[in-house]
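For reference, the structure is listed below as structure tokens.
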Amino acid sequence: MNSKKQNSYHHGNLKESLLTTTLHMVESEGLDAITLRELTQRLGTSRSAVYRHFESKEALMKGVIEQGYTQLDKLFTPIFKDKSRSVEERFERMSRAYLEFAMEHPNLYRLLFGERFREEREGICDYRDETQATGLYALIGLLLEAQEVGIVEKADPMIQAATIWASVHGLASLLIDGHLMMSDNLEEIYRYMYISLLKGLR
């Protein structure tokens, strides 16, 4: 079986398999489970084959992080750009989707926003580059709409976006790391946070 896998890898499938398998391991087992030894055993390949595509484990994780950010952008960008919904509805849906993503994918969330692999993230996600931070700039676009209709004050939308992210991220982190033992009241907590956040930006 392994020889068949390796033959297919020579035709360009190994790189994608490495990324997909690593992402699955992150999701199901956590960051500590990711070792090149375990990865090569699961795929029936060798370290030298891995190094033909990724020069190091850090380079591999950088590719996984890119895939994770792509998932987030696909989730958030359509919400921000859905002009059939009001600005307030889109804010509400964005915040809820963010929390749901964190709770459904806690290990991936930690990879994308935690301290580990911070340097790898910084190398691939420059918030000043709209092509690398599409979700952020979609949020900024939504904030500019909100400013025009008077939902939030006219101020630096980057600062406003950072404020929103810090608030929602803080709640998400508390929930997935077990510091906020109030899951029964999550809906009430969420609504209060959302209302308070919009009031604070007016």
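For this structure, a couple of remarks:
- Accessible surface of the chain, 1.4 Å probe, proportion on carbon and sulfur as whole %: 51
- For the chain, the per residue solvent-accessible surface stands at 56 Å², with DNA, RNA and ligands left out and a 1.4 Å probe.
- For Arg52, distant residues with modelled amide H under 5 Å away: none
- Dividing the summed -39500 (n - 2.57) terms of all DSSP H runs of n ≥ 4 by the residue count of the chain sets its mean residue ellipticity at 222 nm at -22500 deg cm²/dmol.
- Too-long pairs where the Cα-Cα distance tops 32 Å, listed order kept, from Lys83/Lys154; Lys57/Lys81; Lys57/Lys83; Lys62/Lys199; Lys83/Lys199: Lys57/Lys81; Lys57/Lys83; Lys62/Lys199
- Computed from the Cβ-Cβ distance with R0 of 22 Å, the FRET efficiency linking Glu115 to Ser56 stands at 0.70.
- Comparing mean-square fluctuations of Asn107, Asn13, Asn185 from a GNM of the chain with C-alpha springs under 10 Å, the top value falls on Asn185.
- Angle between the chain longest axis and helix 14-29 axis [Cα atoms, degrees, rounded to 10]: 60
- Charge tally for Arg90 (other residues, Cβ to Cβ under 15 Å; Lys, Arg +1; Asp, Glu -1): -1.
- Summing charges over all other residues whose Cβ lies under 12 Å from the Cβ of Phe117, with Lys and Arg as +1 and Asp and Glu as -1, gives 0.
The values are calculated or read from the model by the stated rules, or taken from the named source; none is laboratory data. Small disclaimer: the values here were computed from a predicted structure and weren't measured. Reconstructed Cβ throughout: ideal geometry from the backbone, glycine too, with neighbour counts over all protein chains shown. These area figures cover heavy atoms from the full protein model, side chains too; ligands, DNA and RNA do not enter into them. Shrake-Rupley method; radii C 1.70, N 1.55, O 1.52, S 1.80 Å.
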